[in-house]
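Enquirer: Quick one: this structure, given as structure tokens, is what I'll be asking you about.
The values are calculated or read from the model by the stated rules, or taken from the named source; none is laboratory data. Treat the numbers as computed from the prediction; the structure is a model and nothing was measured. Neighbour counts run over all protein chains shown; Cβ positions are idealised from the backbone, glycine included.
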Amino acid sequence: MIGEWPRRHANVPKRRGPRGAGRFYGWWILAMGIVIFAWTAMAQTQGFSVLLLPLTKEMAFGSHDIALIFLVGAFGGAFLMPYVGRLLDRRGARRILIIATLAYAGAFGVLALVPSKAAAMGALLAVRLIGSIVLWLGASVLVAWWFSRRRGLALGILVGAGSALLSCLAFGLSVLIEHVGVAGSFLVLATLTLFVITPMVIWGVVDTPEELHQHPDGAPPSATDSQGQPPSADEGRTGVRASEAYRTPFALVMLAAGSLAAIVTTGYLFHEATIFIEQGATAQDAARSLVPQMVGNAVGILIVSSLVDRHRLRGIVAISMVQLVFTLWWGFNLQSFGSLWLFGLSFGLATGLIFGYVLAALPRYFGTLHLGEIRGTFGAVTMMMASFGPLGFDVLQGVDTSVFIWVAAVAAALISLASLIIPWPEPMEDWANTSQGPDLARQSSGPSE
């Protein structure tokens, strides 16, 4: 089904400043998306790792309490993510993000001011769900709506820069806790969310270029596309539903590849310190490897997602699967190459390649009209699979050290083979420029556009 770009506010007068005619507002949307993305730090693994010891010392939390919140957040998030995505598609990102940031600030306020442990656990679960699902998904969908031919580049910048800033915020949280304590830190977070992030969303975020009489990518109406036709705002809001998308072999292979990457990386990372110590390294070495992991992940996402704008990259799934298995083997044979920094870089690259491709490929091949639902479904499945990573690692490693590697290698080989033989869908802009509409049965195996 092809949807139409919403034609709201048709008589809005021309504005001055960043929203004025001739100034593409999408880059401001991208900048705000990076801030929103980074502000999820307290809900991500990095934030929880920083909070673990302070919560146990100052707020009578046990490590099992934190683990329970993290697990419930993973399963709850997997259940809620498709529904949140559907809400974003129907109601727009701005409205959902306003509600989410207000709730985020409220949850931080409860953690800072309410002494009840039960209330604190509920608030911490709310932080986990709001940050890792609503804010993260809202930022990525919002940016995708503002770009078309440069969408992959914009999304790569969003995740790359957002991840780097997220890690910096997690480190800043640890410093803040040292100075004002965990309760004081939550109060600071509540204040910043309420008086900085929420106003930015209220007065800064605009759902679509059409609302400002602009076009995706900032292309003026007089410009022409490769067919010699002027670009239409309708192009940015075509798409199919998640139920249609995930009936295609392409989407199923992407889902399988993302799930395997999630299982392998979370399974290994959960036991990384122990594995390092068994090979003569230290827990501090494991912690230091997180920085190159972040760099490798950001670089992989940025490069691959930007290439999706111009190329099909049929071999990227196979390449990412080979990289994933090689890095997993390297993780159990650290002495083979010596450099732990290079291992961390390779580890981050292994996930960055596949997730960077999926990030840009889903809107490219299935459109943005139902992108929230499509990305929400992908996120739900991979989040659920990731939660089984540590358990699967324990079970398989209990049999033999190499079993986990061999199982991952066989799964990666099957996914790689499938990616090379399945038909590849046409880009959504090609569907939109034909009178036939998005026929999912019409596939192409050409190397690039």
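Enquirer: Write out, first by first residue and then by second, each pair whose Cβ atoms fall under 8 Å of each other, whose residues are 6+ apart or on separate chains, and whose first residue, in the range 185-206, is assigned by TED's automatic domain parsing to the domain that holds Phe171 and closer than 17 Å to Ala38 by Cβ while the second is buried (at least 16 other Cβ atoms within 10 Å of the Cβ) and among the charged types (D, E, K, R).
Expert: What qualifies is Val201/Arg94; Val205/Arg94.
Enquirer: Does at least one position in the range 328-349 carry a residue that is closer than 30 Å to Leu68 by Cβ and modelled with pLDDT of 95 or more? Spell out how you get there, then give the answer.
Expert: Looking only at the range 328-349, we keep the residues that are closer than 30 Å to Leu68 by Cβ, and these are 328, 331-332, 344, 347-348.
Remaining after also requiring modelled with pLDDT of 95 or more: none.
No, because not a single residue in the range 328-349 is closer than 30 Å to Leu68 by Cβ and modelled with pLDDT of 95 or more.
Enquirer: For the range 280-294, indicate whether the set of residues that are touching a Leu at 6+ places or on another chain (Cβ under 9 Å), over 30 Å from Arg364 (Cβ atoms) and at pLDDT 80 or above is non-empty.
Expert: Checked against the condition, which is being touching a Leu at 6+ places or on another chain (Cβ under 9 Å), over 30 Å from Arg364 (Cβ atoms) and at pLDDT 80 or above, the range 280-294 yields at least one hit.
Enquirer: Further, regarding this structure: Just to check your reading of the model, which residue among Phe326, Phe347, Phe355 is surrounded by fewer than 17 Cβ atoms within 10 Å (Cβ to Cβ) and not charged (D, E, K, R)? Reasoning before the result, please.
Expert: Working: Phe347 fails: surrounded by fewer than 17 Cβ atoms within 10 Å (Cβ to Cβ); Phe355 fails: surrounded by fewer than 17 Cβ atoms within 10 Å (Cβ to Cβ).
Residue meeting the stated conditions: Phe326.
Enquirer: Do any residues in the range 105-129 that are free of Cβ contacts under 8 Å to residues at least 12 places away in the same chain have Cβ atoms under 7 Å from those of residues that are part of a helix (DSSP H, G or I), where the two are at least six apart or on different chains, and which pairs are they?
Expert: Hits for this filter: Val114/Ala120; Ala119/Val110.
Enquirer: Tell me the residue from Val175, Val182 that is modelled with pLDDT of 85 or more, surrounded by fewer than 17 Cβ atoms within 10 Å (Cβ to Cβ), part of a helix (DSSP H, G or I) and not basic (Lys, Arg), please.
Expert: Details: Val182 fails: surrounded by fewer than 17 Cβ atoms within 10 Å (Cβ to Cβ).
One residue alone meets the criteria, Val175.
Enquirer: Taking Leu88, is it assigned to a helix (DSSP H, G or I), in the same structural domain as Phe195 (by TED's automatic domain parsing), within 18 Å of Leu359 (Cα to Cα) and modelled with pLDDT of 85 or more? Show your work before the answer.
Expert: Working: assigned to a helix (DSSP H, G or I): yes; in the same structural domain as Phe195 (by TED's automatic domain parsing): yes; within 18 Å of Leu359 (Cα to Cα): yes; modelled with pLDDT of 85 or more: yes.
Yes.
Enquirer: Please go through the range 47-87 and give me each residue that is within 20 Å of the chain's Cα centre (by Cα) and hydroxyl-bearing (Ser, Thr, Tyr), ordered by number. So that I can check it myself, show each step before the final result.
Expert: Looking only at the range 47-87, we keep the residues that are within 20 Å of the chain's Cα centre (by Cα), and these are 47-49, 70-87.
Across the range 47-87, the qualifying residues are Ser49, Tyr83.
Enquirer: Does the range 281-312 hold any residues that are over 26 Å from Trp341 (Cβ atoms) and either outside the structural domain of Ser336 (by TED's automatic domain parsing) or surrounded by 20 or more Cβ atoms within 10 Å (Cβ to Cβ) (or both), and which are they?
Expert: Of everything in the range 281-312, those that are over 26 Å from Trp341 (Cβ atoms) and either outside the structural domain of Ser336 (by TED's automatic domain parsing) or surrounded by 20 or more Cβ atoms within 10 Å (Cβ to Cβ) (or both) turn out to be Val308, Asp309, Arg312.
Enquirer: Looking at Leu187, Leu165, Leu155, Leu194, which is the one that is part of a helix (DSSP H, G or I) and crowded, with 22+ Cβ neighbours inside 10 Å?
Expert: On the way: Leu187 fails: crowded, with 22+ Cβ neighbours inside 10 Å; Leu165 fails: crowded, with 22+ Cβ neighbours inside 10 Å; Leu194 fails: crowded, with 22+ Cβ neighbours inside 10 Å.
On inspection, the qualifying residue turns out to be Leu155.
Enquirer: Could you pull out the residue among Gly356, Gly392 that is modelled with pLDDT of 90 or more, closer than 30 Å to Gly76 by Cα and either in contact with a Cys (Cβ under 9 Å, 6 or more places away or on another chain) or not assigned by TED's automatic domain parsing to the domain that holds Asp89 (or both)? Write out each step before concluding.
Expert: On the way: Gly392 fails: modelled with pLDDT of 90 or more.
It is Gly356.
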